[in-house]
Amino acid sequence: MLFLIPFIGFSQANKSIDGVLGIKFGNSKAATIASIKAHGGKLDQAHSNADVKMFMNVKFGQSMPIALIVKFINDKFYIATFLFKADVDSNTIQYYNNLISSLNDSYGMGSITKTFSKGYTDGDGKEIEAIEDGSADYHTTWNSGKGSIVIAINSKLYIGLTYQDNN
């Protein structure tokens, strides 16, 4: 009976990536917009068009992103990108790591990529400078079910978290 303990202790069912915020990939545009509004989302008409809608005030877990951008193909929900910004630039990597930790809890361990160039190295204390210079790449991916998730930091220190239908 003791040989079952490792399997019981570490057994965890990871969620399939088939949408976000309870909204399934392939949902109609009208149903998707209604669901986001039900989550408190406010449509930003000035930054939206027929196939791309931007929302403000949509909470993601314990975080409040700057915006949620939703893309549609043939009037069907296809991609959602949350945009985050740390309160202070020096907290960007910690904010990114906290988001990864939360996603790992739901989807299992993501595939982490951290690369440096132009003389920068991980742990040199210049990671933020390297990201801003385009000399560091921080991104993590998850693939499960019919979808994928990618989280990355861009050179302006915005953290983009994208859920995408891979079908």
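By the beta-carbon count within 10 Å of each Cβ, the least crowded to most crowded order of GLU132, GLU127, fewest first, is GLU132, GLU127. Exposure proxy shown here: for VAL20, VAL70, VAL52, VAL88, the number of other Cβ atoms within 10 Å sets the order, fewest to most, as VAL88, VAL52, VAL20, VAL70.
The ranking of TYR138, TYR78, TYR158 from fewest to most other beta carbons within 10 Å of each one's beta carbon is TYR158, TYR78, TYR138. Answer rounded, prolate or oblate for the chain, using the Cα gyration tensor with square roots of eigenvalues a ≥ b ≥ c: rounded when a/c is under 1.5, else prolate when a/b is larger than b/c, else oblate. Because a/c hits 1.5 or more and a/b fails to exceed b/c, the chain counts as oblate.
Straight-line reach from LYS29: which aspartates and glutamates have Cα under 18 Å away, leaving out those fewer than 8 places along the same chain? In chain and number order, the partners are ASP18, ASP44, ASP51, ASP75, ASP165. Between ASP18 and GLN45, what FRET efficiency follows from the Cβ-Cβ distance if R0 is 22 Å, with the result rounded to 0.05? E between ASP18 and GLN45, to the nearest 0.05, is 0.15. Multiplying the residue separation of LYS146 and ASP75 by 0.36 nm and removing their Cα-Cα distance gives an extension gain of 23.7 nm.
Rounded to the nearest 0.05, what FRET efficiency do ALA34 and SER111 have when you use their Cβ-Cβ distance and R0 = 22 Å? Given R0 = 22 Å and the Cβ-Cβ separation, E is 0.05.
The distance separating the Cα centre of the range 42-107 from that of the range 115-134 comes to 25 Å.
Before anything else, pin down the relative contact order of the chain: Cα pairs under 8 Å, at least 6 apart, normalised by residue count, whole percent.
Once normalised by length, the contact order is 22 percent.
Every number here is computed from the coordinates shown, using simple stated rules; none is lab data. All figures in this text were calculated on a predicted structure; none of them were measured in a lab. No Cβ is skipped: glycine too gets one built from the backbone with ideal geometry, and neighbour counts run over all protein chains shown.
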